[in-house]
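The values are calculated or read from the model by the stated rules, or taken from the named source; none is laboratory data. This one's a predicted model, so the numbers in the text were calculated from it and none came from an experiment. Note: ideal-geometry Cβ built from the backbone for every residue, glycine included; neighbour counts use all protein chains shown. Accessible surface is based on the protein model in full, side chains and every heavy atom, while ligands, DNA and RNA are left aside. Shrake-Rupley method; radii C 1.70, N 1.55, O 1.52, S 1.80 Å.
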Amino acid sequence: MKNGASLFVFGARRTIHRVINAFEGCGFLLKDVLAWKKESAYHRAQRLSIVLERRGLDAEARVWHGWRLGNLAPIYEPIAWFMKPYRIGGTITDNVLENGVGAMNFQDCQINHANPTNILEFGFEKGEIRIHEAQKPLRLIEFLIKLTTREGQTVLDPFIGSGTTAIAAKNLNRNFIGFEVVPEFYEGALKRLNAKGNNICAEPLQLKLSKHLVI
Ligand SMILES: C[S@@+](CC[C@H](N)C(=O)[O-])C[C@H]1O[C@@H](n2cnc3c(N)ncnc32)[C@H](O)[C@@H]1O
């Protein structure tokens, strides 16, 4: 990564703090924790009264009527946004001039004609192919890439999955490097890229652990 470049980690609400500790321990600066607000969330919170009834505790069940066990509906996913530190003694503006990264592209990231906030509401487009359990909406990844990079710069996603980041990078004229350890996902991502008529010249190189893609 270049100094001042951005790094995004999609995490889980209950473990993202460990990711943040680990990256801070490596010297990265935490810029923000964004919230990706999803359209819906799978949710299970057991009715306490029913659990108690099953135990034959009818009186207690009446007392606890309306209460539930578990968590609230997990409607957002946290995204830790880090920056690789820039030169000591320099400013962030110096860094932008020296390395071409570190600023935010508000011009191309307007949401309903307003400047973006740290709550990102993006869902899947109608007809967007879904091939991976943890697939992210293309528009969300495009937003993050547009916000932090310029055309011709390079995006790295070490966890390709369905290839969303690769497609987003390609759509936005950024270079892309990625890795995927599961051959089926790697092939699926390539198919998804090529399905768009991109003519991606991916090299299915078998590395020690994972296949990689450079476009
Ligand atoms: C959360 S998914 C990525 C989803 C992706 N952002 C998308 O939109 O489809 C993470 C992927 O990383 C892959 N992975 C996990 N460990 C890896 C490793 N060490 N090297 C390469 N890929 C890895 C998994 O197989 C999985 O497909």
Item to complete: Show the residue pairs that are 6+ apart or on different chains and have beta-carbon atoms under 6 Å apart, the first residue being within segment 32-49 and more than 30 Å from Pro116 (Cα to Cα), the second being surrounded by 15 or more Cβ atoms within 10 Å (Cβ to Cβ) and small (Gly, Ala, Ser).
Response: Ser49/Ala61
Discussion item. Of everything in segment 137-167, what is open to solvent by 10 Å² or more (accessible area, probe 1.4 Å), in a loop (DSSP other than H, G, I, E, B) and out of contact with any strand residue (DSSP E or B) (no Cβ under 8 Å at 6 or more places or on another chain)? Give them in sequence order.
Written reply: Arg150, Glu151
Item to complete: Collect the residues in segment 110-123 that are in a loop (DSSP other than H, G, I, E, B), touching a residue at least 40 places away in the same chain (Cβ under 8 Å) and surrounded by 13 or more Cβ atoms within 10 Å (Cβ to Cβ), keeping them in residue-number order.
Response: Phe122, Gly123
Item to complete: With respect to Gly197, determine if the residue is in a loop (DSSP other than H, G, I, E, B), over 15 Å from Phe8 (Cβ atoms), away from the ligand (no atom under 16 Å from the Cβ) and at pLDDT below 95.
Response: yes
Discussion item. Residues to consider are Ile167, Ile160; find the one that is of a type in the set (A, V, I, L, M, F, W, C), touching a helix residue (DSSP H, G or I) at 6+ places or on another chain (Cβ under 8 Å), within 12 Å of the ligand (Cβ to nearest atom) and within 16 Å of Phe10 (Cα to Cα).
Written reply: Ile160
Item to complete: Residue by residue through segment 80-109, note down the ones that are of a type in the set (S, T, N, Q) and open to solvent by 80 Å² or more (accessible area, probe 1.4 Å).
Response: Thr93, Gln107
